[in-house]
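A.B. asks: Just passing along the structure, written as structure tokens.
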Amino acid sequence: ADVPVETFIVLKGSSVQLSVMGRCSTRRSAATFGIALLVLMLCTKTTTLLPRASNTPPELCITPVSNQTIEAVRTRLPWSHPQFVFLVGTEGSGHHLWSSLIEKSPNLETLRNRSLLLPAENVTYQLFNKRNLQHSLFAGAACFGDVWNGTMLLEQTAQKLRLVASQLPPNVTVPLNGIAKTRRTSGMMSYPNFRSTEQCAALRHPDVSLLQRACQMAEVSCHWIVQHRDPLAVLRSTTQRRNMHNMGYAIPLYTGMLNTIRFQITQLQDNSTFEFCWDYQQDKPPERLGLLLGWKDKDVFDTIFREEYQQPTSVDAIKEEVVAEHRVLLQSLFAAHEQLKAACKNYSESSMYG
């Protein structure tokens, strides 16, 4: 008689139940199950394994499980690659470094070779297109609230994600922002995106919860990296080096953007999609960064990272350049930065990637 067997695998931060039942026609299926179970134990940091079966279990085969269960297990494997990744951060926090690394990455070369670069760029344009904000998933509602159709745009984004994912080779991750060709039209999709003098600029920023919903609709895996940087360095980058804002506007702008990012990442429905926090002030890249961009050789990636990384200079002088009337705003900016770092730490502790 068929004997049901249930195995509970307790993962870091959550539990996944795999139900196994019935006879298998070959011994190979039973062996496959045993190997799969062993791999899961070794590679998901299993803390508890509770098998329940008769004293003489029959040959076993795995019954189908839901996509959600598969994703819950898959995304916790140390070598696993999400299909898409999005970098979250304010202007001046390091998006240009991200873009430079993408341009030299093995994954971008794979997209080119498989004629997938244009479909990937089309996903980015769907998220934010400054020439067609009305039909952009991000920021379109803020600029064209009366005619912006979020339901339609979510479905269109999901369709484009699905198209790329259906042709994507295993272990290749597509960056959703920072691909060089898209920067003129989509920007870096920073917080905010494009100059503050442009239309409804203070509300022109990404919404990761909307993107997460599109990914869920498409049944694809999308992960997030949060990048942050010393707020004084951000001010210097955007008010002095690029003259994007005046100081009196920039300080409350970035305070609000940091709070927006913190709120958005804490609203993510599944923290297994959170990759890591990336502190730009650290001159060493996060462990998984090279892996996500396709480098298998860590030494090769570290060399390229050092070539592209611009060592931060001292930011002490910029505090003196903030006029007295504006210095009272700095306390809120620093507090927002520390709160985002704390939120990052909490997420990192609950994610095996952090």
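A.B. asks: Take the residues in region 274-309 that are open to solvent by 20 Å² or more (accessible area, probe 1.4 Å) and hydroxyl-bearing (Ser, Thr, Tyr), then tell me which one is nearest to Asn107 (Cα to Cα).
C.D. replies: The selected residue is Thr303.
A.B. asks: From the residues in region 126-138 that are open to solvent by 70 Å² or more (accessible area, probe 1.4 Å) and part of a loop (DSSP other than H, G, I, E, B), which one is farthest from Trp224 (Cα to Cα)?
C.D. replies: Arg131
A.B. asks: Another question about this same structure. Quick check: anything in region 139-155 crowded, with 20+ Cβ neighbours inside 10 Å and part of a loop (DSSP other than H, G, I, E, B)?
C.D. replies: For region 139-155, residues crowded, with 20+ Cβ neighbours inside 10 Å and part of a loop (DSSP other than H, G, I, E, B): present.
A.B. asks: Looking at (1) closer than 30 Å to Ala214 by Cα; (2) open to solvent by less than 50 Å² (accessible area, probe 1.4 Å), find the lone condition where Leu330 falls short.
C.D. replies: Leu330 satisfies every listed condition except (1).
A.B. asks: Please state which of the following conditions Ala233 fails to meet, knowing it meets all the rest: (1) small (Gly, Ala, Ser); (2) within 18 Å of Leu97 (Cα to Cα); (3) under 21 Å from the mean Cα position of the chain (by Cα).
C.D. replies: Exception for Ala233: condition (3).
A.B. asks: Then there is this: For region 76-107, which residues satisfy the criterion of being in a helix (DSSP H, G or I) and either within 17 Å of the chain's Cα centre (by Cα) or of a type in the set (Gly, Ala, Ser) (or both)?
C.D. replies: Within region 76-107, His95, His96, Leu97, Trp98, Ser99, Ser100, Leu101, Ile102, Asn107 meet the criteria.
A.B. asks: I would also like to ask the following. Report, by residue number, each residue of region 167-217 that is more than 15 Å from the chain's Cα centre (by Cα), of a type in the set (Lys, Arg) and surrounded by 15 or more Cβ atoms within 10 Å (Cβ to Cβ).
C.D. replies: Across region 167-217, the qualifying residues are Arg183, Arg195, Arg204.
A.B. asks: So Leu268 ticks every box in (1) buried (at least 19 other Cβ atoms within 10 Å of the Cβ); (2) of a type in the set (A, V, I, L, M, F, W, C); (3) within 29 Å of Phe138 (Cα to Cα) but one. Which box is left unticked?
C.D. replies: (1)
A.B. asks: Is there any pair with a first residue in region 133-151 that is under 18 Å from Gln212 (Cα atoms) and a second that is at pLDDT 85 or above and among the aromatic types (Phe, Trp, Tyr) whose Cβ atoms are under 7 Å apart and which are 6 or more apart or on different chains, and what are they?
C.D. replies: Taking only residues 6 or more apart or on different chains, the pairs are Ser136/Phe128; Phe138/Phe128; Ala139/Phe128; Gly140/Trp148; Ala141/Trp148.
A.B. asks: Filter region 319-354 for residues that are of a type in the set (Gly, Ala, Ser), at pLDDT 75 or above and either more than 20 Å from Thr90 (Cα to Cα) or outside any helix (DSSP H, G or I) (or both) and give the result.
C.D. replies: Ala324
A.B. asks: Examine region 164-171 for a residue that is of a type in the set (Val, Ile, Thr), touching a residue at least 12 places away in the same chain (Cβ under 8 Å) and not in a helix (DSSP H, G or I), and state whether such a residue exists.
C.D. replies: No: region 164-171 contains no residue that is of a type in the set (Val, Ile, Thr), touching a residue at least 12 places away in the same chain (Cβ under 8 Å) and not in a helix (DSSP H, G or I).
The values are calculated or read from the model by the stated rules, or taken from the named source; none is laboratory data. In this text, all values refer to a predicted model and were calculated from it rather than measured experimentally. Reconstructed Cβ throughout: ideal geometry from the backbone, glycine too, with neighbour counts over all protein chains shown. With ligands, DNA and RNA removed, areas are computed over all heavy atoms of the protein, side chains included. Shrake-Rupley method; radii C 1.70, N 1.55, O 1.52, S 1.80 Å.
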